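The values are calculated or read from the model by the stated rules, or taken from the named source; none is laboratory data. Owing to the predicted nature of the structure, the values given are computational and were not obtained by experimental measurement. Because the Cβ atoms are built from the backbone with ideal geometry, glycine has one as well, and the counts that use them run over all protein chains shown.
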Amino acid sequence: MEAKSIVERTERGSSREGAAADEFRAHLHGMWGSVARAWGEHAEYADARGAAVTARMLELSMPQPGERLLELACGAGGVGLAAAERLAPGGDVVLSDVVPEMTAIASARAGALGLGNVTTCVLDLERIEQPDGSYDVVLCREGLMFAPDPARAAREIRRVLRPGGRVALAVWGPRDRNPWLGVVLDAVSAQLGKPVPPPGIPGPFSLGDADKLAALLSDAELSDVVISELPVPLRAVSFDEWWARTCALAGPLAKILASLPADAAQALRARAREAIRAYETPDGLEFPGLALLAGGRRAECSVSEVRWISGE
């Protein structure tokens, strides 16, 4: 089913809008499920690639012994696994993803590391089925930008945080500052003759504007919101290595690439190879990259709670 057609259908009446939105979400979840195996195979690479981002997220959120931590859109669980030791003794980590295949991978990795304070749960970051105030820390690395309704997700994050709880998020910065993926999207768009992702569809750069990201969290009544940039270069020994990993891990894009006829796939590779020549070095490919890091907390009481207490 074409994602664009689903989005168009959401404009037809309120009752049908909800059904179309749910159908669209189910479609996205299925596509992420289809690449879960690849995420398991490349889990160590993904952790190494995101190590600087993970370290910065832990600095922002400051998990402490005895606290409860939730990782949303965990994929193979690298961020939560990195935080687990910081919460001992007495603290625990919940690794969650909307795709059961991903949480199974994360659970197996936690078991292999002997982390007894880690459990997993299937959760949608737009509908976090956990009680209010359940967690001291919420983390989400490169997941929020794929939410169809990121504002709703931000409100849900605040809801499950305890008063004083902290959140740290990472998303990709602007498309033109992340050519390691941007050139792939450009090549696919040119090959298909239409933009990828389609207008209105969440994609890897949908929250790449720092002001937009800050407003998203502030509007959810998160306090002390800070946004920072972190260079995240990507290096690969060859075009083939970069192309294979990018195609395997790129979620919805991976399914598009896998569905192309052989001649179209070959033409697409040729487009991409030409596009990355500016990043070739004697040692392989060197791409610039940029992540946006966001930190904030749930205040001891919200603006609405202050107004109720004061009688306004």
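Determine whether GLY33 is surrounded by 15 or more Cβ atoms within 10 Å (Cβ to Cβ) and either closer than 22 Å to LEU293 by Cα or touching a strand residue (DSSP E or B) at 6+ places or on another chain (Cβ under 7 Å) (or both).
Taking the combined requirement at face value, the residue does not satisfy it.
Quick one: how many residues across segment 222-255 are modelled with pLDDT under 95 and not in a helix (DSSP H, G or I)?
Adding up the residues that qualify gives 2.
Suppose the filter is in contact with a helix residue (DSSP H, G or I) (Cβ under 7 Å, 6 or more places away or on another chain) and more than 30 Å from PRO65 (Cβ to Cβ); does VAL183 pass it?
yes
Scan segment 230-263 residue by residue and report those that are without any contact (Cβ under 8 Å) to a residue 40 or more places away in the chain and either of a type in the set (Ser, Thr, Tyr) or in contact with an Asp or Glu (Cβ under 9 Å, 6 or more places away or on another chain) (or both).
SER259
Name the single residue, out of those in segment 147-185 being of a type in the set (D, E, K, R) and within 20 Å of ALA275 (Cα to Cα), that is surrounded by the fewest Cβ atoms within 10 Å (Cβ to Cβ).
The extreme case among them is ASP176.
Among the residues of segment 59-70, are any closer than 21 Å to VAL160 by Cα, touching a His at 6+ places or on another chain (Cβ under 6 Å) and either in contact (Cβ under 8 Å) with a residue 40 or more places away in the chain or among the hydrophobic types (A, V, I, L, M, F, W, C) (or both)?
no
Which members of segment 270-286 meet the condition of being under 21 Å from TYR45 (Cβ atoms) and in a helix (DSSP H, G or I)?
Passing the criteria: ALA272, TYR279.
Which pairs turn up if I take residues in segment 128-145 that are small (Gly, Ala, Ser) and look for partners that are crowded, with 24+ Cβ neighbours inside 10 Å and part of a loop (DSSP other than H, G, I, E, B) with beta carbon separation below 7 Å, at least 6 apart in sequence or on another chain?
Once the first residue is small (Gly, Ala, Ser) and sits in segment 128-145, its partners that are crowded, with 24+ Cβ neighbours inside 10 Å and part of a loop (DSSP other than H, G, I, E, B) give GLY143/LEU72; GLY143/ALA73; GLY143/LEU125.
Here is a list of conditions, (1) buried (at least 18 other Cβ atoms within 10 Å of the Cβ); (2) farther than 20 Å from ALA153 by Cα; (3) of a type outside the set (Asp, Glu), and ILE201 meets all of them except one; can you say which number that is?
(2)
Tell me, which residue of segment 47-63 that is in contact with a strand residue (DSSP E or B) (Cβ under 7 Å, 6 or more places away or on another chain) and among the aliphatic types (A, V, I, L, M) is surrounded by the most Cβ atoms within 10 Å (Cβ to Cβ)?
Once the filter is applied, the top-ranked residue is MET57.
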